[in-house]
Amino acid sequence: MSALPKPAFSSRRTTVAASQPTPLITSPRESLPTSLQVLLRFQQATSCLTLGVVATVLGVYGWTVYTPTLWSKEYQQLKALQQTERQLITNTEAIKHQLAREADQPSSGLVKANPNQNIFLPAQASAPPASVDNAAVASATNFNITTRPVAY
């Protein structure tokens, strides 16, 4: 069916003379001249150097792309916070103004401050520190009492 001629098979086997085995793998360092070995070392060194330079360039490129994007996001957040701050200041001043107008009305019941109406309290005499009860200290150690605030 094929246009190619079929190979003729012979019943005879060909024998290969195995007088001496040939080594399959030879050490490249022994068989290569010194100048070629130097060039191979130079190629290996430049390949490593090139890989390092490519990694550095990709890192710098990523940094130059990422930094302005991050800066832009942070800048937009700063602008939003400044806008919120301006709105809060405006609202605070509007409330202060409204309270001042209401305080000026006679129906509010507020009286303007007068230095003659000030109340002065006498200074309290310093008292010696109270004695500490050992039983109170022992019971206080059973509880987890902190002197720092728990929350802000």
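The values are calculated or read from the model by the stated rules, or taken from the named source; none is laboratory data. If you're wondering where the values come from, they're calculated on a predicted model, not measured in any experiment. Here Cβ is always computed from backbone atoms with ideal geometry, including for glycine, and neighbour counts include all displayed protein chains.
Data for the structure
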| item | result |
| --- | --- |
| Those residues of region 94-121 which are outside any loop (DSSP other than H, G, I, E, B), touching a helix residue (DSSP H, G or I) at 6+ places or on another chain (Cβ under 8 Å) and modelled with pLDDT under 85, in sequence order | Ser108 |
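To keep it simple, each residue is scored yes or no on (1) at pLDDT 95 or above; (2) charged (D, E, K, R); (3) touching a helix residue (DSSP H, G or I) at 6+ places or on another chain (Cβ under 7 Å); (4) surrounded by 10 or more Cβ atoms within 10 Å (Cβ to Cβ).
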residue	(1), (2), (3), (4)
Thr56	yes, no, no, yes
Gly62	no, no, no, yes
Tyr66	no, no, no, yes
Lys73	no, yes, no, yes
Gln77	yes, no, no, yes
Leu81	yes, no, no, yes
Ile89	yes, no, no, yes
Thr92	yes, no, no, yes
